[in-house]
Amino acid sequence: MSARGLFITFEGTEGSGKTTQVEMLGEWLSARDPVVVREPGGTELGERIREVVLYAGLDIDAEAEMYLFMAARRQLIADVIAPALAAGQIVIADRYHDSTLAYQGGARGVPAIWPPTFPRPDVTFLLEGPVEKGLERHVAAGKAPDRMEQESLDFHRKVAAAYDRLAVAEPSRFVRLDATGSRDKVHLSVRDHLTPLVEKA
Ligand code: Z5A
């Protein structure tokens, strides 16, 4: 657990239901007034980087892409996450540094590390299921594909394999959930895991 507050992150390949679960968790914890953030984004710099890295159609070097995501994250930590945790709040993040380790590190092969100034989450929910199913959900939802979503199936499988390695390496932080269950079923699993932690926070 962080020195103060409670830091919860959601990870997974696209369409795995992270945003849905972040919203449901935010509602469940609404009496605690949680701070909810998404990555990349959440600050003016982060939102601008989001546009550049995901939608500008630029040809971006893989390592440069990693630093862009990390620059957005560092600003979010400085402006939002660290002050909220220091004030004892609950922070819920829709993606965090494990995304960089999985996408840029695992799938693109960039040497990626965890910077010591980036707080570690107390709990990371990894939503897992067939990569194809998530991509199908996106198509069904009519969402325009961003730069990363346009990558090959093989790329997304490498992301999933990298998440698997991260979860195996840190079993005390990661909670692996079957993302193919219904929204409510996944949410109830999230609640089950968090109830004792939230009572203490
Ligand atoms: N990226 C990176 O490379 N490196 C980094 O460091 C960071 C990010 C931080 C961000 O895109 C992209 O940046 C992302 C990784 C990369 N791209 N990829 N690939 P984003 O923020 O626009 O999108 P995302 O984070 O990938 O989320 P998403 O793809 O939009 O999906 P999601 O949040 O996991 O799922 P959702 O929006 O909750 O649900 C998708 C649809 O499925 C929607 O219609 C839901 O109603 C439906 N859904 C959700 N749950 C269920 C269940 N349980 N059953 C049935 N249907 C469901």
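The values are calculated or read from the model by the stated rules, or taken from the named source; none is laboratory data. No experiment lies behind these values; they were computed from the predicted model shown. So basically every Cβ, Gly included, is an ideal-geometry build from the backbone, and we count neighbours across all protein chains shown. Keep in mind that these areas ignore ligands, DNA and RNA; they rest on the heavy atoms of the full protein, side chains included. Shrake-Rupley method; radii C 1.70, N 1.55, O 1.52, S 1.80 Å.
Details
- Under the Debye formula (equal points on every Cα, no solvent term), log10 I(q)/I(0) of the stretch 54-114 at q = 0.25 Å⁻¹: -1.06
- Residues of the stretch 133-147 with amide N under 20 Å of the 7 Å Cα→Cβ point at ALA64: 146-147
- Each Cα pair under 8 Å and six or more residues apart adds its sequence gap; the mean of these over the residue count of the chain is a relative contact order of 34 percent.
- Cα-Cα separations in the chain greater than 24 Å, expressed as whole percent: 37 percent
- Net charge contributed by nearby residues that have their C-beta within less than 15 Å of THR195 (K/R +1, D/E -1): 0
- Annotation: SER152 carries an accessible surface of approximately 60 Å², with a 1.4 Å probe and no ligand, DNA or RNA atoms counted.
- Under 21 Å, Cα to Cα: Lys pairs in the stretch 6-200, sequence gap 8 or more or different chains: 7
- Globularity index of the stretch 97-145 is 1.47 (Cα radius of gyration / 2.2 N^0.38 Å, N = number of residues).
- Within the stretch 1-109, the proportion of Cα pairs with more than 18 Å between them is 52 percent.
- Taking all protein chains together, VAL175, VAL53 sort by accessible area into VAL175, VAL53, largest first [probe 1.4 Å].
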